[in-house]
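Here's the structure, in C-alpha cells; my notes come after.
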Amino acid sequence: MKEQKVILELKDIRLSFDGRDILNNLSLTVREGTIHSILGSNAAGKTTLAYLLIGCCSYIPQKGKIFFFGQDITSLNTTQRARLGITLAWQEPARFEGLTVHDYIAVGMKQPDEEKIRRALANVMLEPKDYLDRQVDKKLSGGERKRIELAAVFAMEPKLAILDEPDSGIDILALDNIISVIQALKEQGTTVLLITHREEVSEISDVTSLLCSGKIVKEGKPKEVGIYFKERCIPCPVNVCPTSNTTLERK
Amino acid sequence: MQQDYQQMLQAYATAEGNPLIFRDSRIAHLVVHKNKVLGSHLVAGLELVPTEEEEGISLKLRLIKNTRLEYPVHLCFGIIPEEGQQVIRIQADIEDNASIKIIAHCVFPNAVRIIHKMDAQIKIGDNSSYEYNEVHFHGNNGGISVLPKARISLGKKSHLVTNFSLLNGRVGLFDLDYDTVVGEDSSLEMSAKIYGFADDVIKLKEVGRLIGRNARGVIKSRIAVKERAQSEVINEMIADAPDARGHVDCIEIIQGNATAKAVPIVDVRNEFAQVTHEAAIGRVDKKQIETLMARGLDEEQAIDVVISGMLK
Ligand SMILES: Nc1ncnc2c1ncn2[C@@H]1O[C@H](COP(=O)(O)OP(=O)(O)O)[C@@H](O)[C@H]1O
Ligand SMILES: [Mg+2]
C-alpha cells in the first residue's frame with residue numbers, strides 16, 4: 001500500500017499543570033485518510049491531548065511542536081486550526097439554550113446544505129424531522145447530545161476529526177451505529193483521531209497508539225495493542241506503564 | 001398624517017412586523033402615532049375604543065364573553081420625530097370563555113428625547129386566555145425612556161402569557177413593572193428578553209401572586225448586557241394557596257464593563273405550595289465559545305451565536 005501523507009505530527013510534547021506533567025515526551029504521527037486510535041485508561045491524558053490539538057482551554061505545551069500537513073500550528077488558536085480543518089467532538093459537549101440542532105450543525109459548515117444536515121442526523125440515527133428544530137440544551141439526553149456532536153463534525157467535513165470517547169454515554173446497542181459513522185467520516189475523506197478507553201472500539205482503526213501517563217508507550221495493529229492493553233494496562237494499579245520509561249515499542 | 005402612517009409602517013417593518021396584516025380584514029389592528037389614531041380595524045367580539053388625550057391615548061379593550069379570536073390583534077404605537085411623549089393607558093376586560101392574542105409593536109426609530117409610558121389594567125375572567133407579545137424598536141440613539149406598567153388579574157382556569165422583547169437597536173432607559181394575580185387553576189408565563197449596550201439601563205420588576213388553589217406561575221428573564229450597560233432584574237413569586245407552583249428563572253450574560261444584578265424573591269405562604277428559582281449571571285460560558293471556535297467561528301462570532309440563541 002502506498003504510504004499516505006502525514007496529516008498530523010506531534011514532536012516531543014510536554015504539557016504540565018502546576019508543575020505536574022500531564023503529557024511528556026509525547027510524539028505521534030497520524031497519516032491522512034486513516035482512522036488512528038488513541039487507546040488509554042482513565043486519566044491517561046486523552047482529553048488533554050485532544051485539547052492540546054485544537055488549541056483550546058489554555059492547553060499550551062511547555063515544550064514540543066504540533067505540525068499539520070507540515071505546517072507548524074503550535075501557536076495558532078482554535079479558530080485558526082478549525083479553519084485549517086481540525087475539529088473536535090467533545091467527550092462532554094456543551095449545551096446551548098435557544099440554539100437549534102439545525103443551526104448548531106450548520107454553524108460549522110462552509111456552505112450550509114440542508115440535505116447534508118439531514119443526512120448527518122440520519123447517519124447518527126436521529127430522525128431529522130424530530131430533531132432539527134429542537135434545542136441543543138439540557139433537555140437532550142447525554143446520548144442524543146453526543147450523536148448531535150458527531151453529526152455536526154460529519155457535516156463540517158473537516159480534514160481531521162478528533163473524537164473524544166464518542167462511545168461513552170452511548171448505549172451498547174448504538175455502538176455499531178457510532179462505528180459506522182466513524183467509517184463514514186473516513187469514507188468522506190476525513191482523517192479520524194479516535195480517542196477511546198475500550199480496545200474493542202479501537203479495533204476499527206488502522207493504527208492504535210497506546211497512551212499511558214501522558215506518553216505513547218506502544219503503537220501498532222489495533223488487535224495487538226488491544227491485547228497488550230487488556231493484559232497489562234487494565235489490571236495495572238498505578239496507571240504508569242512499565243515500558244513508559246523505555247523507548248517507544250514499535251511492531 | 002398620511003406621511004406619519006407610512007413612516008410608522010416602515011418602523012414597524014424594521015421591528016420585524018409585517019405591514020401587510022393591516023390590509024387583512026380578518027385581523028384586528030390599531031395604529032397610534034403619539035396621541036393620534038392613524039388606523040384601526042375591528043373584528044366580531046372585540047371592542048377597542050381609543051380616546052385621544054393630550055399626551056397619548058387611553059384605550060378600552062373588551063373581549064366579549066365566548067369570543068375566541070382566530071387571529072392575533074396587532075397594535076402599533078410609536079413616535080416618529082426625535083422628541084416627544086406618549087402615554088398609553090389601557091383598560092382591558094377579557095370576559096369569560098374568551099381568548100385573545102395581542103402582538104404589540106412599539107417603535108421609536110429616531111428617538112433622541114422620548115418618553116413612552118404604558119399603564120395597563122387587565123382583567124381576565126374565567127376559562128379565558130390572554131397572550132400579550134410586545135416588541136420594541138428604539139433606533140440607535142438611546143435617547144428614550146420606556147416605562148411599561150401593568151396590573152393584571154386572572155380568574156379561574158385562565159391562562160396568561162406575556163413576552164417582551166427588545167433586541168434591536170438601543171434600549172435607552174427601560175423600567176418595567178408588571179404585577180399579576182393568579183386565581184384558582186390558572187397559570188401565568190411571563191418572559192422578557194433584552195439586549196443592552198452602550199449606557200443602556202434595564203430595570204425589570206415582575207411579580208406573580210399565586211393566590212388560587214393550584215395556580216401556576218413562571219417568570220423568565222434573559223438579559224445580555226455589554227459595554228457600559230446596566231441591568232437589574234427583580235423577579236418575585238408569591239405562593240399563597242395550596243398546590244400553587246411557581247418558578248423564577250433569570251439568566252444574564254455580561255461582557256465588557258457592563259453590570260448585572262438579579263434579585264429572585266421567593267415567598268411561600270402555604271405549606272402545600274412550592275416555588276423554585278434559578279439565577280445565573282456571568283460571562284458567556286467558555287466551553288460554549290470554544291466549541292464554536294472549533295467549528296471555525298472567531299470569538300466574537302461565537303459570542304453572538306450564544307447570545308442570540310439565548311435571546312431567541
Ligand atoms: N486543567 C488541568 N489542570 C490540572 N490537571 C489536569 C487538567 N486537565 C487534566 N488534568 C489532569 O490530567 C490527567 C489526565 O486527564 P485527562 O486528559 O482528562 O484524562 P483522560 O481523558 O485520559 O481520562 C488527570 O490526572 C487530570 O486530573
Ligand atoms: Mg477524557
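Since every read-out is calculated from the coordinates, none of them should be taken as a lab result. Remember, it's a predicted structure, so these values are computed and weren't measured experimentally. Counting neighbours? That spans all protein chains shown, and the Cβs are built from the backbone with ideal geometry, glycine included.
Relative to the compact-globule estimate of 2.2 N^0.38 Å, the Cα radius of gyration of segment A:130-192 comes out at 1.12. A straight Cα-to-Cα reach below 21 Å connects A:Lys159 with the lysines A:Lys2, A:Lys5, A:Lys11, A:Lys46, A:Lys65, A:Lys110, A:Lys116, A:Lys146, A:Lys186, residues fewer than 8 places away in its own chain not being considered. Each of B:Val266, A:Val201 has some number of other Cβ atoms within 10 Å of its Cβ, and from fewest to most they run B:Val266, A:Val201.
Grab the other residues whose beta carbon is less than 9 angstrom from that of A:Phe67, score K and R as +1, D and E as -1, and report the net. Result for the local shell: 0. Applying Stokes-Einstein at 4 °C and 1.567 mPa s to the Kirkwood radius of segment B:99-180, computed over alpha-carbon pairs, gives a translational diffusion coefficient of 95 µm² s⁻¹.
With q set to 0.12, 0.15, 0.16, 0.19 Å⁻¹, the log10 of I(q)/I(0) for segment A:1-110, from the Debye formula over equal scatterers at the Cα positions, is -0.49, -0.74, -0.84, -1.10. The orientation-averaged projection of the convex hull spanning the C-alpha atoms of segment B:169-266 amounts to 5.4 square nanometres. In segment B:236-312, the C-alpha radius of gyration followed by the widest Cα-Cα span (Dmax) gives 17.4, 53 angstrom.
Computed with the Debye formula from one identical point scatterer per Cα of segment B:1-118, without solvent, the log10 of I(q)/I(0) at q = 0.12, 0.21 Å⁻¹ comes to -0.42, -1.18.
With N counted as the residues of segment B:74-124, its alpha-carbon radius of gyration over 2.2 N^0.38 Å works out to 1.41.
For B:Gly139, neighbours were defined as the other residues whose beta-carbon sits under 10 Å from its Cβ, and their charges (Lys and Arg +1, Asp and Glu -1) total 0. Converting phi to 3J(HN,Hα) with the Karplus coefficients 6.51, -1.76 and 1.60 and the offset θ = phi - 60°, segment B:32-44 yields 10, 9, 6, 10, 10, 7, 9, x, 7, 8, 10, 10, 4 Hz in sequence order, with x at every glycine or proline. Here segment A:29-182 was treated as a single set of alpha-carbon atoms; its pair distances binned every 10 Å from 0 give 10, 39, 37, 14, 1 percent. Mean partner shielding of peptide B:283-292, defined as the number of other chain Cβ atoms within 10 Å of each residue Cβ, is 6. Segment A:39-89 to segment B:79-121: how many Å between their Cα centroids? Spelled out, the Cα-based centre of one part sits 54 Å from the other. Each Lys and Arg adds +1 at its Cβ and each Asp and Glu adds -1 at its Cβ; summed about the Cα centre, segment B:2-311 shows a dipole of about 320 debye. Averaged over the residues of A:95-106, the number of partner chain Cβ atoms lying within 10 Å of the residue Cβ comes to 4. Over 20 Å apart at the Cα level, from the set A:Lys63/A:Lys221; B:Lys36/B:Lys123; B:Lys101/B:Lys156, are A:Lys63/A:Lys221; B:Lys36/B:Lys123. Where both bridge residues fall in segment B:1-120, DSSP classifies roughly 30% of the beta bridges as antiparallel. Which aspartates and glutamates have a Cα lying under 14 Å from the Cα of B:Lys203, excluding residues fewer than 8 positions away in the same chain? Once the sequence-local aspartates and glutamates are set aside, what remains near B:Lys203 is B:Asp175, B:Asp177, B:Glu232, B:Glu236, B:Glu252. With N counted as the residues of chain B, its alpha-carbon radius of gyration over 2.2 N^0.38 Å works out to 1.02. Of all DSSP-defined beta bridges confined to the protein assembly as shown, some 20% are antiparallel rather than parallel.
The calculated FRET efficiency for B:Gln6 paired with A:Glu187, based on their beta-carbon distance and R0 = 60 Å, is about 0.55. Separation of segment A:151-182 and segment B:228-266, taken as the distance between their Cα centroids, equals 39 angstrom. Set Lys and Arg Cβ to +1 and Asp and Glu Cβ to -1, take the dipole of segment B:2-311 about its Cα centre, and tell me which of B:Leu69, B:Ile152, B:Ile88 lies farthest positive. Of B:Leu69, B:Ile152, B:Ile88, it is B:Leu69. Charging the Cβ of each Asp and Glu at -1 and of each Lys and Arg at +1, and nothing else, the dipole of segment B:74-123 about its Cα centre rounds to 120 debye.
Neighbour counts of other Cβ atoms within 10 Å put B:Val87, A:Val217, B:Val182, B:Val112 in the fewest-to-most order B:Val112, B:Val87, A:Val217, B:Val182. Here the Kirkwood formula puts the hydrodynamic radius of the protein assembly as shown at 26.9 Å, using every distinct Cα pair. Taking the Cα centre of segment B:249-312 as origin and assigning +1 to Lys and Arg Cβ atoms and -1 to Asp and Glu Cβ atoms, the resulting dipole is close to 20 debye.
Using 1/(1 + (r/R0)^6) with R0 = 45 angstrom and r between the beta carbons of B:Phe272 and A:Arg134, what's the FRET efficiency to the nearest 0.05? It comes to 0.85.
Sorting B:Val37, B:Val135, A:Val153 from the fewest to the most surrounding beta carbons within 10 angstrom yields B:Val37, B:Val135, A:Val153.
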